[in-house]
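Chemist: One structure coming up, written as structure tokens, with questions to follow.
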Amino acid sequence: MPKSVTLKDVAAKVGVTSAAASMALSGHERISEKTRAAVKRAADELGYVPSSAGRALRSQRADAVALIVPNSSTHVFGHLYFMHVLTGMSTAANAHDAQVIVSTNADTSSGGVAYERVMRSRTADGAIVTSAAIDDDHVQALVASGLPVVLIGNYPHLERAVSVGIDDVAATERLVEHLVTVHGRRRLLHVTGTLDHQTGIDRRDGFLRAANTHGLAEVAVIEGDLSEASGAAAMEQILGEQPAHDGIVFANDDMAVGGLRVLRRAGVRVPEDVSVVGFDDFGLARVTTPGITTVRVPAEEMGRIATERLFGLVDGRPTDADGDAPHTELPVEVVLRGSCGCDDDAEQPTP
């Protein structure tokens, strides 16, 4: 195995001390520009890679941020949402020469493990939390711990916590508005996400609010769990009901895919007999027949902005220019495809 290049090797090549070489690589003003350039050139030529552990020890920073997902590892890596969030986090972390650590727990009965691993180990300078249940007290404890924390999503019970999210209520209202005003649908069903999470509650409330606004008397709600299987089960449950629903609002695209499969097998035509819409647009909605009308959630952008805000907290900067707006709300797009009766890939900005 070839011997790794050390700082001492770089210093010897230039003819300076190891301390001077270290200061040169960090851009210290006590070292002349000429020497700094020579040291950096020597480091490049020798292939010297600075020790991240050494940098962290000198700066008292870990040069890492954690993504805490208090769910099972299957849920984490089996859903495209998390891959988008991780991509956004990694983009921002790379720009800060830091790494991303994922902390989760396979045993959902001991959800505190994911939090404690980060708080006690000191392996991360700060943490981002996503997909926490509304009754998860560990989130509040983490925010109160003093560790820099940014939450992805909406946490109305933690108003002062720094967070990044979208308006799920307004986005779902927009979907219902489209079904009613453009396609004349009046008998609507909503298949919810998990109602122990704020996202599930907000999308359900958006559906009910829009139904009330338009005076819809024939509406129903079935609770799902965001899986294809639960979307399929919801459709099995309503098949044969009279009068039949003429519009179905799924809380995510996975359930919509499962629902479409059952409807097609039962001979129900989409969109002729019933309009179908989903939520997320992480990929599945584009490959079904027909394509699924949905809301495009900027998960990668949420991950990137959450990480940038986290580095701001780590560096002691205010949460924003005024220091009084902890929540960042990102816009979303309604993407109109064939499942509602529109032509594919027409986008409408959501206010």
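The values are calculated or read from the model by the stated rules, or taken from the named source; none is laboratory data. As the structure is a prediction and not an experimental result, all values here were calculated from the model. In this analysis, Cβ positions are derived from the backbone assuming ideal geometry, glycine residues included, and neighbour counts consider all displayed protein chains. The area values use the complete protein model at the heavy-atom level, side chains included, leaving out ligands, DNA and RNA. Shrake-Rupley method; radii C 1.70, N 1.55, O 1.52, S 1.80 Å.
Chemist: For the stretch 153-169, check the following and say yes or no: at least one residue is modelled with pLDDT of 95 or more, more than 15 Å from the chain's Cα centre (by Cα) and not in a loop (DSSP other than H, G, I, E, B).
Modeler: Yes; the residues of the stretch 153-169 include at least one that is modelled with pLDDT of 95 or more, more than 15 Å from the chain's Cα centre (by Cα) and not in a loop (DSSP other than H, G, I, E, B).
Chemist: Now for a separate question. Of the residues that make up the stretch 43-59, is at least one under 30 Å from LEU226 (Cβ atoms) and at pLDDT 85 or above?
Modeler: no
Chemist: Oh, and also: Sort out which residues of the stretch 308-329 are modelled with pLDDT under 75 and buried (at least 17 other Cβ atoms within 10 Å of the Cβ), and write them in order of number.
Modeler: Result: THR319, single match.
Chemist: Do we find a residue being part of a helix (DSSP H, G or I), in contact (Cβ under 8 Å) with a residue 12 or more places away in the chain and farther than 26 Å from TYR155 by Cα anywhere in the stretch 318-338?
Modeler: yes
Chemist: Which one of these does ASP135 not meet: (1) touching a residue at least 60 places away in the same chain (Cβ under 8 Å); (2) over 19 Å from the mean Cα position of the chain (by Cα); (3) within 24 Å of ASP315 (Cα to Cα)?
Modeler: For ASP135, the failing item is (3).
Chemist: A follow-up question, please. So which residues in the stretch 137-182 are crowded, with 19+ Cβ neighbours inside 10 Å, under 24 Å from ARG309 (Cα atoms) and among the acidic types (Asp, Glu)?
Modeler: ASP168
Chemist: Still on this model: When you check GLU301 against the structure, is it more than 19 Å from ARG187 (Cβ to Cβ), touching a residue at least 12 places away in the same chain (Cβ under 8 Å) and of a type in the set (D, E, K, R), yes or no?
Modeler: yes
Chemist: Still on this model: When the residues of the stretch 12-26 are narrowed to those that are assigned to a helix (DSSP H, G or I) and modelled with pLDDT of 90 or more, which ends up most open to solvent (accessible area, probe 1.4 Å)?
Modeler: Only one residue tops the list, namely LYS13.
Chemist: Could you tell me how many of the residues in the stretch 280-305 are at negative phi and part of a loop (DSSP other than H, G, I, E, B)?
Modeler: The qualifying residues number 9.
Chemist: From the residues in the stretch 91-118 that are under 24 Å from ASP280 (Cβ atoms), among the hydroxyl-bearing types (Ser, Thr, Tyr) and surrounded by fewer than 19 Cβ atoms within 10 Å (Cβ to Cβ), which one is modelled with the highest pLDDT?
Modeler: Within the stretch 91-118, the match that is modelled with the highest pLDDT is THR91.
Chemist: Determine, yes or no, whether GLU272 is over 12 Å from the mean Cα position of the chain (by Cα) and closer than 30 Å to LEU147 by Cβ.
Modeler: So GLU272 fails the test.
Chemist: Could you run through the stretch 119-132 and say how many residues are at pLDDT 85 or above and either acidic (Asp, Glu) or farther than 21 Å from HIS84 by Cβ (or both)?
Modeler: 1
Chemist: Here's a check for you: in the stretch 275-295, which residue that is aliphatic (A, V, I, L, M) and in contact with a Leu (Cβ under 7 Å, 6 or more places away or on another chain) is nearest to VAL169 (Cα to Cα)?
Modeler: VAL295
Chemist: Do you know which of the residues in the stretch 140-150 that are without any contact (Cβ under 8 Å) to a residue 24 or more places away in the chain and not in a loop (DSSP other than H, G, I, E, B) is nearest to ARG203 (Cα to Cα)?
Modeler: So the residue we want is GLN140.
Chemist: For the stretch 170-187, what are the residues that are assigned to a helix (DSSP H, G or I) and hydrophobic (A, V, I, L, M, F, W, C)?
Modeler: Answer for the stretch 170-187, where residues must be assigned to a helix (DSSP H, G or I) and hydrophobic (A, V, I, L, M, F, W, C): ALA170, ALA171, LEU175, VAL176, LEU179, VAL180.
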